[in-house]
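Working notes for the structure below.
The values are calculated or read from the model by the stated rules, or taken from the named source; none is laboratory data. Small disclaimer: the values here were computed from a predicted structure and weren't measured. As a convention, Cβ positions derive from the backbone with ideal geometry for all residues, glycine included, and neighbour counts pool all protein chains shown. Each accessible area value is taken on the protein alone, full model and side chains, heavy atoms only, with ligands, DNA and RNA left out. Shrake-Rupley method; radii C 1.70, N 1.55, O 1.52, S 1.80 Å.
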Amino acid sequence: MTTTLCRRTDAHALARLHSEHGKALYGFLLGLTFGDRHRAEDLLQETLFRAWKHPEVLESDHASMRPWLYTVGRRLAIDARRARQVRPAEVGPDALDTHAPVADDGTEQAVTVLDVRDALRLLSPEHRAVLVQIYFLGASVCEAAEALGVPAGTVKSRTYYALRALRDAMPGYGPGPGVGPGAGPGPDRRVAA
């Protein structure tokens, strides 16, 4: 006498089960998987595999196997859904690139600060003082003129020439000397990242 663990469903009985209930079961599983054909097919195969492993179900006196198949399929779908919810979401390589945090280590900014400090040391004291007032302290032209004890026109003039000298002292930053209104296209000498 063979136990149910060693017995398997007859291949013809399984084929008959698939032909009688396969389409309906697939449609039912398709609804449970929200239209995901691949998951529905996987669940259909797993349901039929369970029927193959349990021949006693086919030998029962049920009028139809469909309720048993639907119950097994529904439980498998629930288990698969729970398993997907527990593990982290799967993402492709494109999603990793768009959501990857940008590491801002501040290296580039620190290098720029050092370059600006070195270039400021090359300027005359008058040009450096006007840039400090306007750009570092945020003073208006009138406030800078009052702080430096010079007319507003002198502040504007010194600012213009100080920026020009600063640009020349920092050749890797910003546009070259031929760039500007009416100067035509010139080389862009930015630092390559």
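Looking only at residues of the stretch 34-56 that are buried (at least 18 other Cβ atoms within 10 Å of the Cβ) and within 39 Å of the chain's Cα centre (by Cα), we find that the one that is nearest to Trp68 (Cα to Cα) is Thr47.
The residues of the stretch 57-82 that are over 16 Å from Glu20 (Cβ atoms), open to solvent by less than 50 Å² (accessible area, probe 1.4 Å) and free of Cβ contacts under 8 Å to residues at least 40 places away in the same chain amount to a single one, Leu76. In the stretch 113-134, the residues that are under 14 Å from Gly172 (Cβ atoms) form Cβ pairs under 6 Å with partners that are not in a helix (DSSP H, G or I), at six or more places apart or across chains, as follows: Asp115/Met170; Ala119/Met170.
Taking the stretch 83-102 as the range and being surrounded by 10 or more Cβ atoms within 10 Å (Cβ to Cβ) and modelled with pLDDT of 70 or more as the test, only Arg84 passes. Apart from one condition, Thr107 fits all of (1) at pLDDT below 90; (2) open to solvent by 80 Å² or more (accessible area, probe 1.4 Å); the exception is (2). Restricted to the stretch 156-173, and to residues there that are surrounded by 14 or more Cβ atoms within 10 Å (Cβ to Cβ) and in contact with an Asp or Glu (Cβ under 9 Å, 6 or more places away or on another chain), the residue that is farthest from Thr112 (Cα to Cα) is Arg158.
A single entry from Val150, Val179 fulfils the requirement of being assigned to a loop (DSSP other than H, G, I, E, B), of a type outside the set (D, E, K, R), modelled with pLDDT under 90 and surrounded by 11 or more Cβ atoms within 10 Å (Cβ to Cβ): Val179. The single condition among (1) within 24 Å of Gln109 (Cβ to Cβ); (2) surrounded by 15 or more Cβ atoms within 10 Å (Cβ to Cβ); (3) acidic (Asp, Glu) that Glu143 does not meet is (1).
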